[in-house]
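The values are calculated or read from the model by the stated rules, or taken from the named source; none is laboratory data. If you're wondering where the values come from, they're calculated on a predicted model, not measured in any experiment. Here Cβ is always computed from backbone atoms with ideal geometry, including for glycine, and neighbour counts include all displayed protein chains. SASA here: full protein model, heavy atoms, side chains in, ligands and nucleic acids out. Shrake-Rupley method; radii C 1.70, N 1.55, O 1.52, S 1.80 Å.
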Amino acid sequence: RPDLHEETPALFTKQWYQRRVREFQTFQHYFKQINLSVSVPANMTKPAIRVCITGGAGQIAYSLLLEIASGKVFGADQPVVLHLLDIEPCVPKLQGVVMELEDLALSLVQGVVATADPLVAFKDIDVALLLGAFPRLKGMERKDLLAKNNAIFIEQGAALDKVAKKSVKVVVVGNPCNTNALTCMKNAPSIPPTNFTCLTRLDQNRAKAKLASKLGVSVSEIRNVIIWGNHSGTQFPDARHATVMVGGEGKPLTEVLSDDAWVKSEFIETIQQRGAAVIKARGLSSAMSAAKARE
């Protein structure tokens, strides 16, 4: 504390001790409130849902799993059985993730399945979060990337069709997510097409944050930003329909932000290249923001 040097000559006076006690009691009360706010009811009776995460040993899954296991995604009273799928070489890392999930000792986690077999991973699941996909490597053409991922999502779609619940909800995240979602859906004909979706929410979050920063407002004040296309440098962040809450009323962005040239150039280019900028800055791809976008 900044004022500690003033108390040093009489560090353990009665007044100093009483102040420390009051501070401790304040913090104790604060932490009790936190514990109460996230506690799970003792009479929890909901049946567990089975949630599969592919790319289970990856850094996005690693960031997302705690959110699911702690109840932030499906609810503080919703038990889950986690199914983790990854490729065979990553199974040892997957076992490390399982250890950490066990060590969390969270009552909502009623089981963990870790495997490299899609037929095991997708068995009777309620939700599939398909994070895993083949990454675009240096020198790889886009057609090669599509071919690699086509094989992956044909296999996963067929496995979902064979062993998952017909009510399963599938969110495809692995890129190119739009194409991968279509491939997966086409290979799971017994599951309703409306149960499949893909996620470019991270790009939408980036676009909202950029607009909010430009206007000096909270991100929550920005609405109706659209991302067209795949999660790549060819995407089109569309702010034409965006609104900004001003005085409790949603106003068109064009009325609030007069810098049309910025919207058509720097804004679009920044969102298109944001992923590459993160990798350049931290040496790794987005994980924390990517996991948040999956909630």
For the structure I just gave you, tell me whether Leu199 is open to solvent by 10 Å² or more (accessible area, probe 1.4 Å) and within 30 Å of Thr243 (Cβ to Cβ). yes
Every residue from the range 170-191 that is farther than 17 Å from Gly233 by Cα and part of a loop (DSSP other than H, G, I, E, B): Asn187, Ala188, Pro189, Ser190, Ile191
Among the residues in the range 194-204, are any farther than 30 Å from Ala116 by Cα and not aromatic (Phe, Trp, Tyr)? yes
Per the list (1) buried (at least 20 other Cβ atoms within 10 Å of the Cβ); (2) over 25 Å from Ser63 (Cβ atoms), residue check on Val170 breaks on (2)
Please pick out the residue among Ser107, Ser167 that is of a type outside the set (D, E, K, R), closer than 23 Å to Thr194 by Cβ and part of a loop (DSSP other than H, G, I, E, B). Ser167
Scan the range 110-148 for residues that are modelled with pLDDT of 95 or more, open to solvent by 60 Å² or more (accessible area, probe 1.4 Å) and either in a loop (DSSP other than H, G, I, E, B) or closer than 14 Å to Leu82 by Cβ (or both) and report the count. 5
Go through the range 43-70 and count every residue that is open to solvent by 10 Å² or more (accessible area, probe 1.4 Å), part of a loop (DSSP other than H, G, I, E, B) and in contact (Cβ under 8 Å) with a residue 24 or more places away in the chain. 8
Failed criterion for Ser107 (all others in (1) of a type in the set (Ser, Thr, Tyr); (2) touching a His at 6+ places or on another chain (Cβ under 8 Å); (3) surrounded by fewer than 18 Cβ atoms within 10 Å (Cβ to Cβ) hold): (2)
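Would you check if Asn205 is assigned to a helix (DSSP H, G or I), within 27 Å of Asp144 (Cβ to Cβ), open to solvent by 30 Å² or more (accessible area, probe 1.4 Å) and in contact (Cβ under 8 Å) with a residue 40 or more places away in the chain? If you could, list the steps in order and put the result at the bottom.
Values: assigned to a helix (DSSP H, G or I): yes; within 27 Å of Asp144 (Cβ to Cβ): no; open to solvent by 30 Å² or more (accessible area, probe 1.4 Å): yes; in contact (Cβ under 8 Å) with a residue 40 or more places away in the chain: yes.
No, not satisfied.
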